[in-house]
Amino acid sequence: MRVLDTWSGLFVEVDQERKQFAILSHTWRKKEQTFVPDDHLIWRDANLSRKIRDACRVAREAGYRYLWIDSCCIDKTSSSELSESINSMWQWYGRAKVCFAHLADVPSGDDPRAAESTFRKSRWFTRGWTLQELIAPSTVVFLSQDWNAIGTKLTLISPLEEITGIFAEALLHSKSLDDFSVAQRLSWAARRETTRKEDRAYSLLGIFNINMPTLYGEGERAFHRLLEEIVRRIPDQSIFAWGDIYADLERDQDLGDSLKNAGKLTCIWGNVMGTSLESLFDSKLSDFTDSGTINAISHNDVLNQLKLSEKLPDQEYTFTPHGIRTTLPVLQLSRCLPQHILEQSSSYGLLSRWTLRFLAANTSITLALFSGGPATSRLPMLRWNTCTMDV
């Protein structure tokens, strides 16, 4: 990997597995220092940015000769180098001895634990790329706008959990990211933004241990490609558990009782009425905002909770032009909806097509409402069938 030698001011190639190095996390401004030729001594550059000078000084004073900075260590005129770097970033941040996170909008003396602290409102917590830069390194040192230490990931773990919604076990590596569902990991990024649409997907590659080509110009298709790769590699149906939470489950006691009788189920209520949404796979990253508490469950747990008399086939996915073809247990919603919802829904002309598809997600089964074809499934106390459909 190409790094900056903080002693000489030259760019050098180092073996990331044998050399210790520090790494910088920061938010980009409109004009950032970009890559210069390897034989160019940056200290002699009158236009060298203050950010790079200060970052090198901090790393040098901490005892690190080598520093990697995304803005100036990647030759972005080379599409192949850019793609390789994006696919390697998780590994680089993970192998760095320390990540210095510069919060350019947080003054020295700010108390991160205070409810209204500037730290909690920092732009750094809203950007897509900084998610992996927070999670991947073992050690993160937060720096104020004038490069003074604020604290570390370990010492600030409580406010970091509150700000990001990420569990301490994930931040501190006491659990593998594989222990967190796909829906949970996507929820961590759901409120974050990137300058380019494609980067909302590319910034998540490392979090799912996925490599794929970067194709700038494809827009939202990048996120759909990411979802497809996740489905191919991770057997976790929580990827389909996105959308609005049905908040009226307690108020709609009849509906709640009907669903709870069907194996103590949790309901995720998709926002279907008045939209053209036809596929559970047709989601955006922001659709996972409320999915942070959804866990994946095992195939056997699905069978037990649904009390299926016949074995549910192992989950297989076939990619088609219409979506992903798979087999899921489904329930005709009109069999368990209370009367006041039936009357309300009939005006939309959708009632005959409302079904619930059951996913292997959450400590109880997750229900996702969708507008699909007529279903012939039954409540558990009668008889369950399965239905093959495009999702």
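The values are calculated or read from the model by the stated rules, or taken from the named source; none is laboratory data. None of these values were measured; they are calculated from a predicted model. Here the Cβ is made from the backbone with ideal geometry for all residues, glycine too, and neighbour counts use every protein chain on show.
Side notes on the structure shown:
- Lys175 meets the conditions (1) surrounded by fewer than 18 Cβ atoms within 10 Å (Cβ to Cβ); (2) among the charged types (D, E, K, R); (3) modelled with pLDDT under 95 in every case but one. The failed one is (3).
- Residues that are among the β-branched types (Val, Ile, Thr) and assigned to a strand (DSSP E or B), drawn from region 147-178: Ile150, Thr152
- Residue in region 144-155 that is of a type outside the set (Phe, Trp, Tyr), touching a helix residue (DSSP H, G or I) at 6+ places or on another chain (Cβ under 8 Å), at pLDDT 95 or above and in the same structural domain as Val98 (by TED's automatic domain parsing) present: yes
- So Ala241, is it buried (at least 22 other Cβ atoms within 10 Å of the Cβ), in contact (Cβ under 8 Å) with a residue 40 or more places away in the chain and closer than 21 Å to Gln91 by Cβ: no
- Evaluation of Leu48 against (1) in contact with a helix residue (DSSP H, G or I) (Cβ under 7 Å, 6 or more places away or on another chain); (2) surrounded by fewer than 16 Cβ atoms within 10 Å (Cβ to Cβ); (3) over 30 Å from Asn209 (Cα atoms) (one fails), failing number: (2)
- Given (1) over 22 Å from the mean Cα position of the chain (by Cα); (2) assigned to a helix (DSSP H, G or I), number of the condition Leu67 does not satisfy: (2)
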